[in-house]
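> Attaching a single structure in structure tokens format; questions to follow.
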Amino acid sequence: MRSKIIADEVAQHWPEAQIEFVLNSNAPYIHSCPYKIHLVDDSPTKKIREVNELMTELSPDIVIFDAAGRKAQLKHAKKLGAKVIFISQHRRKRSRGMKVERALVTDSHWVVQPEFVIGDITRFDKFKLDLIDRPHPIFTGAVFPQPDKELQQKLQQEFDLVDGDYLLYSAGSGSHHVKNGLAADLWAEVAQKTYQQFGIKSVMVFGPNYPHPLPELDGVIAVLQLTSIEFINLLQGAKASVLSGGDTLLQSMALGIPSLVVPVAKDQPNRIKKCYEAGWIHTSKPQVDAMCKALSSLLTESKLVELKDKYAQCSLENGLNIVMSEIERLLVD
């Protein structure tokens, strides 16, 4: 999804750009990718020969390895004269991207986390990169489509929502499990109880991998999935949101939307903890009563104003702006 968001922005900025994806043929999203795709029967990272042969055939100007790619693939792209971009999303992946042999063939390394979440690189890593004359990683934060007011109003009319007076719920892809079942079902139950308590309408995005028919719930608009641009526009217009700890957490903060954030995957608790300790979000255990109590606290007028003031003072922005500036710089160099 992140790569598609970047591709969409590139296509809008440079309409003549030739954009192609290498995807695992078993990935569930291959039929929804709007760009030309090349399929391999496993992770492209593991298909070194196939990916290298494809790069030789295409002779690309830029190759983006989004949290993927073997050292041999990066080297081959660089040998062909392409600008090489590597995207990392956590410390371990960032460290891998800074290894000398990888760094030597990487023109730009993007870390899609804010610095306060993942921390700066060590003095040794800075020394090492300076010694081999390679750029330091760039903290982009969350990458998401630019909101569009016209689309936002259209979506709000379609769902009969009042701007700034609804809640948006998303537990991720729809397949995440918590202790008592699917996270999406837990989120939906919280949405219904919150409507019963406060009378605030909600949009509940169950996720494309949700395995059951969508339920009918009072005051809750059940949606299987939204495009990234639809989600961002509904998020920007919401009073608050209830999210998991993935990219949507950082998106909500960059947009200044107060959020209750509950982990559904093992890589999320640390990110949530950092944001909570900074006073930027509310969090709770993945239990109905705990989530309802935390959300009730979040929805007090004083807390909403406090959080919005915090967001106005922080430096978070849409990482897509940084990404596009880097691509343009690499194309000119």
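The values are calculated or read from the model by the stated rules, or taken from the named source; none is laboratory data. Just so it is clear, the structure is predicted and the values come from calculations on it, not from any experiment. Note: ideal-geometry Cβ built from the backbone for every residue, glycine included; neighbour counts use all protein chains shown. Quick note on the areas: whole protein, heavy atoms, side chains included, nothing else; ligands and nucleic acids left out. Shrake-Rupley method; radii C 1.70, N 1.55, O 1.52, S 1.80 Å.
> Run down VAL220, VAL264 and say which single residue is of a type in the set (Val, Ile, Thr) and at pLDDT 95 or above.
VAL220
> Restricting attention to the range 161-176, and to residues there that are open to solvent by 40 Å² or more (accessible area, probe 1.4 Å) and in contact (Cβ under 8 Å) with a residue 40 or more places away in the chain, which single residue is farthest from VAL203 (Cα to Cα)?
Only one residue fits best here, namely HIS176.
> What about PRO211, is it of a type outside the set (S, T, N, Q) and closer than 21 Å to GLU230 by Cβ?
It is false that PRO211 is of a type outside the set (S, T, N, Q) and closer than 21 Å to GLU230 by Cβ.
> Tell me the helices (runs of 4 or more DSSP H) entirely within the range 89-137 that contain at least 3 residues that are open to solvent by less than 60 Å² (accessible area, probe 1.4 Å) and within 24 Å of ASP267 (Cβ to Cβ).
Counting at least 3 such residues, we get 91-97.
> Against the conditions (1) over 30 Å from LEU131 (Cβ atoms); (2) open to solvent by 50 Å² or more (accessible area, probe 1.4 Å); (3) at pLDDT 95 or above; (4) in a loop (DSSP other than H, G, I, E, B), where does GLY81 fall short? Just the number, please.
The one condition GLY81 does not meet is (1).
> Right, another one. So is ARG70 basic (Lys, Arg), open to solvent by less than 40 Å² (accessible area, probe 1.4 Å) and at pLDDT 95 or above or not?
Considered against the rule, which asks whether it is basic (Lys, Arg), open to solvent by less than 40 Å² (accessible area, probe 1.4 Å) and at pLDDT 95 or above, ARG70 comes out as no.
> Would the range 236-245 turn up any residue that is assigned to a helix (DSSP H, G or I) and either of a type in the set (D, E, K, R) or open to solvent by less than 40 Å² (accessible area, probe 1.4 Å) (or both)?
no
> Residues being assigned to a strand (DSSP E or B) and surrounded by fewer than 20 Cβ atoms within 10 Å (Cβ to Cβ): count how many of those fall in the range 177-192.
3
> How many of the residues in the range 269-282 are in contact with a Leu (Cβ under 9 Å, 6 or more places away or on another chain) and surrounded by fewer than 19 Cβ atoms within 10 Å (Cβ to Cβ)?
Residues meeting the conditions: 1.
> Give the number of residues within the range 200-210 that are modelled with pLDDT under 95 and either open to solvent by 10 Å² or more (accessible area, probe 1.4 Å) or over 23 Å from the mean Cα position of the chain (by Cα) (or both).
Qualifying residue count for the region: 3.
> Taking the range 38-62, which residues are open to solvent by less than 50 Å² (accessible area, probe 1.4 Å) and in a strand (DSSP E or B)?
HIS38, VAL40, ILE62
> State the number of residues belonging to the range 227-256 that are at pLDDT 95 or above and touching a helix residue (DSSP H, G or I) at 6+ places or on another chain (Cβ under 7 Å).
Of the residues in the range 227-256, 11 are at pLDDT 95 or above and touching a helix residue (DSSP H, G or I) at 6+ places or on another chain (Cβ under 7 Å).
> Further, regarding this structure: Please go through the range 246-258 and give me each residue that is within 22 Å of LEU182 (Cβ to Cβ) and open to solvent by 10 Å² or more (accessible area, probe 1.4 Å), ordered by number.
Of everything in the range 246-258, those that are within 22 Å of LEU182 (Cβ to Cβ) and open to solvent by 10 Å² or more (accessible area, probe 1.4 Å) turn out to be GLY246, ASP247, THR248.
> Right, another one. Whether any residue in the range 139-157 is over 20 Å from THR248 (Cβ atoms), open to solvent by 20 Å² or more (accessible area, probe 1.4 Å) and among the aliphatic types (A, V, I, L, M) is what I want to check.
no
> Given the residues LEU161, LEU214, which is the only one that is under 23 Å from VAL305 (Cα atoms), in a loop (DSSP other than H, G, I, E, B), at pLDDT 95 or above and not charged (D, E, K, R)?
LEU161
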